[in-house]
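Below is one structure; the comments refer to it alone.
The values are calculated or read from the model by the stated rules, or taken from the named source; none is laboratory data. In this text, all values refer to a predicted model and were calculated from it rather than measured experimentally. Every residue, glycine as well, gets a Cβ built from its backbone with ideal geometry; the counts of neighbours run over all protein chains shown. Protein only, heavy atoms only, side chains kept; ligands, DNA and RNA dropped before computing areas. Shrake-Rupley method; radii C 1.70, N 1.55, O 1.52, S 1.80 Å.
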Amino acid sequence: MPPIKFTVRKRFHLLQCKTRTLDSGREHLAHYRLIFVISGEGKFVLNREIHSYSNGGVIFLEPDQQPMFQEDRGTEILMIAFDTHLADDFQRKKAYSPDFADIYKQVENLCKNIRLIQGKPVKNDRDAQTVSYLVNQISFELSQQSSSFIKLIRSSIELIVTILARNNFECKKAEEKPLQHNLSESMIGYVKSQIQQNKSIRIGELLMKFNISEEAANLCMLNHTGMSLRNFIFKYKADLFKSRMLKMDISEFSARL
């Protein structure tokens, strides 16, 4: 099957081809691109790292990034390139194509902050199936080009990007959860140590020590203790004072409250 090329109003550039055809072309290198594996599996090199790809997988590319696929005559892909004409003077140009501007920004943020695994389907099975279905639908519309095919392609692309962005955000939250937990534990340990040594705690110094804003510190503490940072400090001081008055261990005292 020969490569199929199509451009939707100079916003989306589509290319359906074998990987060996993509390797030889640099036509869309200046754009953000999503590559969907329609069929096949193998390996590719991106930024000097070797990745595996599989059927239904997605590869996320920033401008000037070019994956090099292993020698393969069977793998078929669909590439969607998002024209970067909005990159300069974005706010002014957005007024002329607000719908594309929103989806373009989503793709830009997605490719710059990728948490998903390159070359693999998203982990959510339902979303992976939906993406695969929409990619196949786009492929079908490209080959048929009926009267409504442009609208269907554009709508499918927007839905795919939304699904990928949602899954990328979920991966980010999963990564941040243990980091927040460790940060909360470290701040709590520091606060307790300072108070037990009768040292004054200055919020500004604490925030500088952990390289965190007061808003973020409060969020971590609320998630971990149910209290803001300042309220935790005040309560621990009060608990420690009472435990010393009653000659009790602070941990036992706090556990009884």
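The stretch between MET248 and ARG115 holds 43.1 nm of extra length on full extension. This uses 0.36 nm per residue minus the Cα-Cα distance. As a calculated quantity, the FRET efficiency between ILE203 and ASN47 at R0 = 45 Å, using C-beta atoms, amounts to about 0.65.
Between the stretch 204-245 and the stretch 1-63, the alpha-carbon centres lie 49 Å apart. Averaging the sequence gap over all C-alpha pairs within less than 8 Å and six or more residues apart, then dividing by the number of residues, gives the chain a relative contact order of 15 percent. Seen through its C-alpha gyration tensor, with square-root eigenvalues sorted a ≥ b ≥ c, the stretch 97-177 comes out oblate because a/c lies at 1.5 or above while a/b is not bigger than b/c.
Counting only protein heavy atoms and using a 1.4 Å probe, the accessible area of CYS220 comes to about 10 Å². When the chain is described by a simple charge dipole with +1 on each Lys and Arg Cβ and -1 on each Asp and Glu Cβ, the residue from GLN144, PHE44, ILE212 located farthest towards its positive end is ILE212.
Estimated at 0.36 nm per residue, the fully extended path between PHE169 and ASP125 surpasses their Cα-Cα distance by 14.2 nm. Ranked from largest to smallest solvent-accessible area, with a 1.4 Å probe on the protein heavy atoms, ILE4, ILE59 come out as ILE4, ILE59. When the surface is traced with a 1.4 Å probe over the full set of protein chains, LEU142 keeps roughly 10 Å² accessible.
Ordered by 1.4 Å accessible area with all protein chains kept, SER184, SER54 run largest first as SER54, SER184. Any idea what angle helix 125-144 forms with the longest principal axis of the chain, computed on alpha-carbon atoms, 0 to 90 degrees, nearest 10? The angle comes out near 20 degrees. In the chain, the longest principal axis of the Cα atoms and the axis of helix 229-245 are about 30 degrees apart. Toward the positive end of the charge dipole of the chain, with +1 on the Cβ of Lys and Arg and -1 on the Cβ of Asp and Glu, the farthest Cα among ILE103, SER243, GLY119 is that of SER243. Full extension of the chain between LEU159 and ARG73 gives 28.0 nm of extra length, using 0.36 nm per residue less the Cα-Cα distance. The dipole here belongs to the chain: it is taken about the Cα centre, uses +1 on the Cβ of Lys and Arg and -1 on the Cβ of Asp and Glu, and is about 800 debye. Distance between the 7 Å Cα→Cβ label points at ASN55 and ALA30: 3.8 nm. Measuring only protein heavy atoms, the 1.4 Å probe finds MET245 accessible over about 130 Å². The lysines whose alpha-carbon is closer than 26 Å to the alpha-carbon of LYS235, local same-chain residues fewer than 8 away aside, are LYS177, LYS192, LYS199, LYS209, LYS247. Distance between the 7 Å Cα→Cβ label points at LEU152 and SER228: 5.6 nm. The relative contact order of the stretch 18-82 comes to 49 percent, based on Cα pairs under 8 Å that sit 6 or more residues apart. Note on the stretch 32-116: with charges restricted to the Cβ of Lys and Arg (+1) and Asp and Glu (-1), its dipole about the Cα centre is near 200 debye. Looking at (1) 54, 42, 40; (2) 84, 42, 32; (3) 47, 42, 42, which value of Cα extents along the principal axes in Å comes from a calculation on the structure shown? Identified label for the calculated read-out: (2). In this structure, THR84 and PHE6 have a Cβ-Cβ separation that, at R0 = 30 Å, corresponds to a calculated FRET efficiency of about 0.95. Across the protein chains, with a 1.4 Å probe defining accessible surface, the residues THR19, THR84 rank THR84, THR19 from largest area downward.
Any idea how far the Cα center of the stretch 140-156 sits from the one of the stretch 90-131, in Å? The stretch 140-156 and the stretch 90-131 have Cα centres separated by 20 Å. In the chain, what percent of the accessible surface is made up of carbon and sulfur (1.4 Å probe, ligands and nucleic acids excluded)? Solvent-exposed carbon and sulfur of the chain make up 50 percent of the total.
Computed about its Cα centre, the charge dipole of the stretch 128-229 is approximately 140 debye, with only Lys, Arg, Asp and Glu carrying charge at their Cβ.
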